[in-house]
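Q: Right, I'll just put the structure down here and ask away after.
The values are calculated or read from the model by the stated rules, or taken from the named source; none is laboratory data. Not measured: the values here are computed from a predicted model. Every residue, glycine as well, gets a Cβ built from its backbone with ideal geometry; the counts of neighbours run over all protein chains shown. Ligands, DNA and RNA are stripped out before the accessible areas are found, and what is left, the full protein with its side chains, is counted by its heavy atoms. Shrake-Rupley method; radii C 1.70, N 1.55, O 1.52, S 1.80 Å.
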Amino acid sequence: MREDLFLKDFLDRDSLKQIQLQRLRETLERVYANVPFYKAAFDEAGVKPADLETLEDLSKFPFTVKTDLRDNYPFGMFSADMSEVVRIHASSGTTGKPTVVGYTTNDISIWSEVMVRTFQCIGIGPGDVVQNAYGYGLFTGGLGAHYGLERLGCTVIPMSGGNTEKQLVVMNDFGTTAICCTPSYFLYLVEQAEKAGKPIQETKLKKGIFGAEPWSTEMRQRIEADTGVKAFDIYGLSEVIGPGVSSECEAQSGLHIFEDHFYPEIIDPDTGDPKAPGERGELVFTMITKEALPLIRYRTRDITALHYDKCACGRTIVRMDRVSHRSDDMLIVRGVNLFPSQVEEILLEAEGTTPHYLLVLTRTGELDDLEVRVEVTAETFSDEVRVLEALQNGIRERMKSLIGLSAKVTLVEPGTIERSVGKAKRVLDLRN
Ligand code: DLL
């Protein structure tokens, strides 16, 4: 029997706010009673759960940051007894201990609900054969998408990440109609499919459910133009639930946040002050229905803006702009602030490049050097030196005029930059 979870995306905003307020109150009570960290943090800020009379009052409560989870490693922030925790996931991060998250039975049910709503946004349902190439394991991508797909009634192929040859065999033989993976892994699949003589265009694949890493509008255009696969952006993070926090719909004008479960705010990342709708800033979430790990005002570090007007698809839930970068992704090169996404846009606007690139940072004495390595297509690579030089100069000049930075641009042979099966690595910082 099909569930009408769908309707939850179309509530009138006043009813939605009532639901949010009620759930927010219950959550504040829950963490104050169960989590020593929150008892101490609220007491120190001089606030009690009962002080929340309106949604705006949430700004009186303290933020939670990633290091709070690390300091209370592994289960110190949990709000449920371990006997009620039925699942653990973790995100590795680049340094130190992983961030550990937990779920009760009810949390798992909410997670599959928001994943169902994600796939409904994208227009996937029973009859679709979905190849799930997000990693299964401690990473939330694989199992998160899996439970949603099953609950929705799709045919799910639990591939996990990697094993590229087999992915392509399965895609052809099982008639995959939609694929879940990171956009960078999809690019790799496209490339390998071509090499194997059976391009993606010749398969039944129609839709890609891409997320877990930043990717630009230019990247989407390339994917759609080159493969005919419609590329949808889905967003989430382990600390909030995993994938299923927000998703694009078929109108593709921002990602709908499932805000009856995850209450969003935008703040100024430097001062912590709230920002108005439409203004860009750091995205902050309070999980208002989770039991095992409801975090209060969790700072994601992801930069975006919120839009409350009704979407062309009719959904009333708030939309966020696609996340092009995190506040902690920023590189400072010779005093110039730079996000890898800015370079990606410049590279993909140029004719003859591929979406495979790497930024390499080195230091000579006190001076930073930036090298932009980008793969070019096989046809471009075999072009005359004059053509290659023109491409190189063009990119260098765009970098200089748009970002204000002189960079060395190196055009490299197709297939020479390392591919990833999960999140892509775009920066190699050798400065320290
Ligand atoms: O990446 C959960 C996920 C799995 C989302 C599958 C979508 C699909 P974490 O490993 O905890 O969780 O990483 C979360 O990845 O704070 C963002 O910085 C980034 N991120 C996730 N989705 C997107 C996206 C999963 N669509 C961190 N666009 C987040 C840009 C994204 N960045």
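Q: I need the full set of residues from region 17-61 which are open to solvent by 70 Å² or more (accessible area, probe 1.4 Å) and outside any helix (DSSP H, G or I), in order please.
A: Matches in region 17-61: K48, E53.
Q: Go through region 128-146 and count every residue that is within 11 Å of the ligand (Cβ to nearest atom), in a loop (DSSP other than H, G, I, E, B) and either within 19 Å of T176 (Cβ to Cβ) or without any contact (Cβ under 8 Å) to a residue 24 or more places away in the chain (or both).
A: 3
Rundown of residues vs (1) more than 17 Å from the chain's Cα centre (by Cα); (2) under 25 Å from T377 (Cα atoms), yes/no style:
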| site | (1), (2) |
| --- | --- |
| G208 | no, yes |
| E248 | no, no |
| F258 | no, no |
| P269 | yes, no |
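Q: Given the structure, is I124 under 23 Å from Y185 (Cβ atoms) and either hydrophobic (A, V, I, L, M, F, W, C) or out of contact with any strand residue (DSSP E or B) (no Cβ under 6 Å at 6 or more places or on another chain) (or both)? Let's see the steps before the verdict.
A: On the way: under 23 Å from Y185 (Cβ atoms): yes; either hydrophobic (A, V, I, L, M, F, W, C) or out of contact with any strand residue (DSSP E or B) (no Cβ under 6 Å at 6 or more places or on another chain) (or both): yes.
Yes.
Q: Related question: Inside region 156-174, can you point out the residues that are part of a helix (DSSP H, G or I) and closer than 12 Å to Y188 by Cα? Steps first, answer last, please.
A: Taking region 156-174 and keeping what is part of a helix (DSSP H, G or I), we get 164-174.
Within region 156-174, T164, E165, Q167, L168 meet the criteria.
Q: What number of residues within region 153-188 satisfy the criterion of being of a type outside the set (G, A, S) and within 16 Å of the ligand (Cβ to nearest atom)?
A: Initially, region 153-188 is screened for residues of a type outside the set (G, A, S), giving 154-159, 163-174, 176-177, 179-183, 185-188.
The next check asks that each one be within 16 Å of the ligand (Cβ to nearest atom); those that pass are 156, 158-159, 179-183, 185-187.
Qualifying residue count for the region: 11.
Q: Just to be sure before I move on: is V333 more than 16 Å from the ligand (Cβ to nearest atom), open to solvent by less than 30 Å² (accessible area, probe 1.4 Å) and of a type in the set (V, I, T) in the structure I sent? Steps first, please.
A: Details: more than 16 Å from the ligand (Cβ to nearest atom): yes; open to solvent by less than 30 Å² (accessible area, probe 1.4 Å): yes; of a type in the set (V, I, T): yes.
Yes; evaluated as a whole, the condition is true for this residue.
Q: For region 192-234, what are the residues that are under 22 Å from G144 (Cα atoms), among the charged types (D, E, K, R) and touching a helix residue (DSSP H, G or I) at 6+ places or on another chain (Cβ under 7 Å)?
A: Of region 192-234, the ones under 22 Å from G144 (Cα atoms) are 205-215, 230-234.
Narrowing the set further to residues that are among the charged types (D, E, K, R) leaves 206-207, 213, 230, 233.
Hits for region 192-234 are K207, E213, K230.
Q: So which of S327, S341, S420 is of a type in the set (G, A, S), open to solvent by less than 80 Å² (accessible area, probe 1.4 Å), within 28 Å of I267 (Cα to Cα) and modelled with pLDDT under 90? Steps first, please.
A: Values: S341 fails: modelled with pLDDT under 90; S420 fails: within 28 Å of I267 (Cα to Cα).
Going through S327, S341, S420 in turn, the sole match is S327.
Q: Still on this structure, I have one more. Out of the residues in region 201-218 that are more than 16 Å from the ligand (Cβ to nearest atom) and surrounded by fewer than 24 Cβ atoms within 10 Å (Cβ to Cβ), state the one that is farthest from T353 (Cα to Cα). Even if it seems obvious, please write down each step before you answer.
A: Filtering region 201-218 down to residues more than 16 Å from the ligand (Cβ to nearest atom) leaves 201-206.
Narrowing the set further to residues that are surrounded by fewer than 24 Cβ atoms within 10 Å (Cβ to Cβ) leaves 201-204, 206.
Details: Q201: 20, E202: 23, T203: 25, K204: 27, K206: 24 Å.
Looking at residues that are more than 16 Å from the ligand (Cβ to nearest atom) and surrounded by fewer than 24 Cβ atoms within 10 Å (Cβ to Cβ), I get K204.
Q: Which residues, counting only those in region 304-320, are within 23 Å of T271 (Cβ to Cβ) and open to solvent by 20 Å² or more (accessible area, probe 1.4 Å)? Walk me through it before giving the result.
A: Taking region 304-320 and keeping what is within 23 Å of T271 (Cβ to Cβ), we get 304-308, 318, 320.
H307, Y308 - these are the residues of region 304-320 that are within 23 Å of T271 (Cβ to Cβ) and open to solvent by 20 Å² or more (accessible area, probe 1.4 Å).
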